[in-house]
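Contents: one structure, followed by commentary.
The values are calculated or read from the model by the stated rules, or taken from the named source; none is laboratory data. Because the structure is a prediction, the values reported are computed rather than measured. When we count neighbours, we look across all protein chains shown, and the Cβ atoms used for this are built from the backbone with ideal geometry, even at glycine. To get the accessible areas, we keep the full protein, side chains included, count just its heavy atoms, and leave off ligands, DNA and RNA. Shrake-Rupley method; radii C 1.70, N 1.55, O 1.52, S 1.80 Å.
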Amino acid sequence: MFAFLSEITWMTLLTANLFQVSERWVFLSLLFLVYVYAVAGGFSAIRKVSRLLNVFTFFIVVCLLLYAYLTNGIFSIYHRWTMQQARFDPDLFSGFGTQSLWLFVMISVYFGYLLTNLSLWHISFSMKENRIRTIYRCAVFCFASLIVTLMMIAVFARTTDHGHLSTLISVLNALSHFAPFFAYFLIASLLSIGLISAIVSLKSIMDAFLLIHQDRQNENHRFFKKVYAGSLLLLIVLFAVVRPSMGLLFTSIKLFSLLCIASIPSFSQVMLSRKKISGFGLLPVLSGFLTGLYLFSTPWPILIDLCWSLMISASLQFFIWICQVSLQRE
């Protein structure tokens, strides 16, 4: 749910800010699109639209990157980039430790998201066993390539403006001054990525509900009608209650990151042992989450909060594992 709120919120704020349209109408439109593909369309609709959006994103991002660097020159772009870095940050390695820790935390959060997303588990179980490693390697390569490409576009955008570009909005504004169509295509690619993520997040919520009530799925079609109506009611309530704002976005991202990073030890054991997780097995997740919530109320940086949450969760999971091993030997 927190991932879904984060994705819907940032897409709403980005679209409303750049195109000067009503946030409420953008929010409603996104909720409707996600409902159509994730709930009404089912898994086949998600596969078809994701395939189309992935192909669109790939060609747009690659073509824009080539256009930017071939028309402006690789050497001139990186010359301006190194000059700006020398002016803004005289000591290049002054914050290397902090940056490395941020990189570790972001990778951990994304890994926790992959571990806890039921729709992705569904995809994993539906793959042929002899192709799983190849598919995972291709997925990791494609994801890393996308991140590197977006970083290269951000480097180019920063060299087109003398200001210190540190947000997505500022980067897109700089690109719009250089080439309007460049920024619009990049926005379309980013929204495509966000739409795929939101669809998968809502589908995961539906999978969790169906998994809890799996004993009722064989009754009749009325059960599924209630599920569709209930999910639609949830989106209507979100539209009526939630107002997209930067505060909501930051809160959702913080709670989402905290839950993901606290879930890594427990769900990693589930992935390795392939055993069902019990309520007692979620105790490390709860302890890490509560620790992070407490630390959020203190003046400590969020980076330290997330690291402590991961350490508490991992320590308790390790203690539980040692106790289980000892009891089995006895």
(request) Give a residue-ordered list of calculated ³J(HN,Hα) values for segment 105-118 (Karplus: 6.51 cos²θ - 1.76 cosθ + 1.60, θ = phi - 60°; whole Hz; x for Gly, Pro). (result) 5, 5, 5, 5, 4, 5, 5, x, 5, 5, 5, 9, 8, 5
(message) Over the chain, with the other protein chains present, what is the accessible area per residue in square angstrom, probe 1.4 angstrom?
(response) 61 Å²
(request) Compare 321, 300, 102 by solvent-accessible area with a 1.4 Å probe and give them largest first, with all protein chains kept in place. (result) 300, 321, 102
(message) With an 8 Å Cα cut-off and a minimum separation of 6 or more residues, compute the relative contact order for the chain in percent.
(response) 30 percent
(message) Test of understanding: what is the full-extension gain from residue 238 to residue 78, defined as 0.36 nm times their sequence separation minus their Cα-Cα distance?
(response) 53.1 nm
(request) Would you work out what percent of the accessible area of the chain, with all protein chains in place, is carbon or sulfur (probe 1.4 Å)? (result) 71 percent
(message) Using only the heavy atoms of the protein chains and a 1.4 Å probe, how would 261, 312 rank by accessible area, largest first?
(response) 312, 261
(message) Using a Förster radius of 45 Å, what is the FRET efficiency between residue 21 and residue 324 based on their Cβ-Cβ separation? Nearest 0.05, please.
(response) 0.25
(message) Could you give me D for the chain, from Stokes-Einstein at 20 °C and 1.002 mPa s, where the hydrodynamic radius is the Kirkwood radius over C-alpha pairs? Units µm² s⁻¹, please.
(response) 96 µm²/s
(request) Before rounding to the nearest 500, sum -39500 (n - 2.57) across all DSSP H runs of length at least 4 in the chain and divide by the residue total; then give [θ] at 222 nm in deg cm²/dmol. (result) -28500 deg cm²/dmol
(message) Cβ neighbours within 10 Å, averaged per peptide: list 34-45, 140-151 in order, most packed at the top.
(response) 34-45, 140-151
(message) If I build a Gaussian network model for the chain, linking alpha-carbon pairs within less than 10 angstrom, which residue out of 189, 252, 22 has the largest mean-square fluctuation?
(response) 22
(request) Can you sort 29, 108 by 1.4 Å-probe accessible area, starting with the largest? (result) 29, 108
(request) Sequence neighbours fewer than 8 away in the same chain don't count; with that in mind, list the lysines whose C-alpha is under 29 Å from residue 275. (result) 128, 203
